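Engineer: One structure, as structure tokens, below. Some questions next.
The values are calculated or read from the model by the stated rules, or taken from the named source; none is laboratory data. Because the structure is predicted, anything quoted here is derived from the model rather than measured. Neighbour counts run over all protein chains shown; Cβ positions are idealised from the backbone, glycine included.
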Amino acid sequence: MATHRSVFDAAELRAQFNDAGINPQFIPSIWKYVLQNPGCELDEIPDLPSSAYPLLCSKFKPLTSTVHSVLHSTDGVTAKLLIRLQNGAFVEAVIMTYDTRLGKYGGKPRPGGPRSTLCISSQVGCKMGCKFCATGTMGFKDNLRSGEIVEQLVHASRLSNIRNVVFMGMGEPLNNYTALVEAIRVMTGSPFQLSPKRITVSTVIPPNFAMVGIIHAINKLHSDLPGLNLAVSLHAPVQEVRCQIMPSARAFPLEKLMTALQAYQNNSQKKIFIEYIMLDGVNDEEQHAHQLGKLLETFQVSK
């Protein structure tokens, strides 16, 4: 049985419109209508060329995924969405809400108000096998299409005003590079209009980067998505410990990774988020703190 593509699969929708002689300028208005009208059908969207309706209805769906359940934390700060994909697989997305007015800055009340960050998935499962990650125990199942990535934002936007997006959910984002880039380009355009500086991609730096050249690969990310934030799963300040908890780290020495990140920072002039989960008796001793400080002493980092 043929499956329909998500209307948020930008490249596919654009290609179909071009083949049919339909101006792609109508695409953002389609997305806006679907975003603002839950449960709508594509033939309800107003002001499209007549030839667009049969094409949309025969090849696309407003959404190909559904929210199976929403689990709220007891303090109301987080909400975990379990999302069922068209093929029956599940991924998770998490809304994290915080109030920027909490605490003080310079002895004065902080400005701002409630903000929500969405943590989204890029794959079903993951092949990186990190020992501390539940998704890593699943193994790799499938890549998400770009529309399935964007649909997580659509679902979450109906529950909260999403200000930031972090690719820190299921999967290694850079192992689904084409869909990642396409999805982020949709998110930063109309109607979502997220600023690139409010989107962060977290990566362990997958082994395939070693084959194409890690410096080239990271710089390509900066070239394809300028202004984007990069977060690197470091989790250990020495190669031996890093390989112990992150098997994919065997692909290249830590020294080579840090050289590549320094080159990226020099090129992009952006801080790098360093992720470090403390594991009892593994990477949380005083010597590790000193080693970490030494490793990062030449970097501008966000922690």
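Engineer: For the range 186-220, which positions are under 30 Å from Phe26 (Cβ atoms) and surrounded by fewer than 17 Cβ atoms within 10 Å (Cβ to Cβ)?
Structural biologist: Those that are under 30 Å from Phe26 (Cβ atoms) and surrounded by fewer than 17 Cβ atoms within 10 Å (Cβ to Cβ): Gly189, Ser190, Pro191, Gln193, Ser195, Pro196, Lys197.
Engineer: Filtering the range 1-26 down to residues that are farther than 18 Å from Val181 by Cα and among the β-branched types (Val, Ile, Thr), which residue is farthest from the chain's Cα centre (by Cα)?
Structural biologist: Applying the filter and picking the extreme gives Ile22.
Engineer: Out of the helices (runs of 4 or more DSSP H) lying entirely within the range 197-303, which hold 1 or more residues that are closer than 23 Å to Arg163 by Cβ and either of a type in the set (Gly, Ala, Ser) or not assigned by TED's automatic domain parsing to the domain that holds Thr135 (or both)?
Structural biologist: 214-224, 254-268
Engineer: What are the residues in the range 221-252 that are surrounded by 21 or more Cβ atoms within 10 Å (Cβ to Cβ) and within 19 Å of His288 (Cβ to Cβ), if any?
Structural biologist: Correct list: Val232, Ser233, Leu234, His235, Ala236, Arg242, Met246, Ala249.
Engineer: Gly76 - would you say it is in a loop (DSSP other than H, G, I, E, B), in contact with a strand residue (DSSP E or B) (Cβ under 8 Å, 6 or more places away or on another chain) and free of Cβ contacts under 8 Å to residues at least 60 places away in the same chain?
Structural biologist: yes
Engineer: Between Leu102, Leu85, Leu42, which is closer than 27 Å to Phe167 by Cβ and either without any contact (Cβ under 8 Å) to a residue 12 or more places away in the chain or in contact with a Leu (Cβ under 7 Å, 6 or more places away or on another chain) (or both)? Reasoning before the result, please.
Structural biologist: Values: Leu85 fails: either without any contact (Cβ under 8 Å) to a residue 12 or more places away in the chain or in contact with a Leu (Cβ under 7 Å, 6 or more places away or on another chain) (or both); Leu42 fails: closer than 27 Å to Phe167 by Cβ.
Leu102 is the lone residue from the list that is closer than 27 Å to Phe167 by Cβ and either without any contact (Cβ under 8 Å) to a residue 12 or more places away in the chain or in contact with a Leu (Cβ under 7 Å, 6 or more places away or on another chain) (or both).
Engineer: While we're looking at this one, here's another question. Got a number for residues in the range 23-56 being exposed (fewer than 13 other Cβ atoms within 10 Å of the Cβ) and either in the same structural domain as Ala156 (by TED's automatic domain parsing) or in a helix (DSSP H, G or I) (or both)?
Structural biologist: Final tally of qualifying residues: 5.
Engineer: Restricting attention to the range 4-22, report how many residues are surrounded by fewer than 16 Cβ atoms within 10 Å (Cβ to Cβ) and touching a Leu at 6+ places or on another chain (Cβ under 8 Å).
Structural biologist: 1
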